[in-house]
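Student: Have a look at the structure that comes next, please.
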Amino acid sequence: MVRPVTAIEADIRALSVSEKEALLRLLWEELDGPPDAAVDAAWLDEAQRRAREIDDGLVKCIPADEVFAKAEALIRK
């Protein structure tokens with residue numbers, strides 16, 4: 001017998017934070033599919049490239065609070 005989603009939701013709400021986190025990770029991995037080594041390598045290359053640009057002074061970092069304030073202002077327009 002299949003349980004109604006509302007019953008499952010109630011069970012999830014009763015879980016501890018760490019149990020909810022574990023469930024979320026499990027569901028995310030299931031939805032995301034198996035890891036792709038090529039994608040992981042591409043993201044690592046990109047992160048390293050961006051870090052070099054910062055270290056070499058080629059890009060200017062903007063503090064997160066400024067970015068969020070600007071985004072919020074744009075959304076309110």
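Read the figures in this text as sums done on the coordinates, not as results from a lab. The structure displayed is predicted, hence computed values, not measured ones. Backbone-built Cβ (ideal geometry, glycine too); neighbour counts: all protein chains shown.
Student: What size of dipole, in debye to the nearest 20, comes out for the range 36-77 about its Cα centre when the only charges are +1 on Lys and Arg C-beta atoms and -1 on Asp and Glu C-beta atoms? Please report the intermediate quantities before stating the final value.
Tutor: Working: 7 positive and 10 negative charges, 73 e Å.
Here the range 36-77 has a charge dipole of around 360 debye.
Student: Could you work out how much longer the chain between residue 31 and residue 45 gets when fully extended? Use 0.36 nm per residue separation minus the Cα distance between them, nm to one decimal. Could the numbers behind the result be given before it?
Tutor: Details: separation 14, 0.36 × 14 = 5.04 nm, distance 2.47 nm.
This chain segment gains 2.6 nm when fully extended.
Student: Using a cut-off of 12 Å between beta-carbons, work out the net charge of the residues near residue 71 (Lys and Arg +1, Asp and Glu -1, residue 71 not included). Spell out each step's value before the answer.
Tutor: Working: positive: 70, 76, 77; negative: 65, 66, 72.
Around residue 71, the charge tally is 0.
Student: Compute the distance from the alpha-carbon center of the range 27-55 to that of the range 1-25, in whole Å.
Tutor: 29 Å
Student: Between 63, 74, 4, whose Cα lies farthest towards the positive end of the dipole of the chain when Lys and Arg beta carbons carry +1 and Asp and Glu beta carbons carry -1, centred on the Cα centre?
Tutor: Value computed over the given set: 74.
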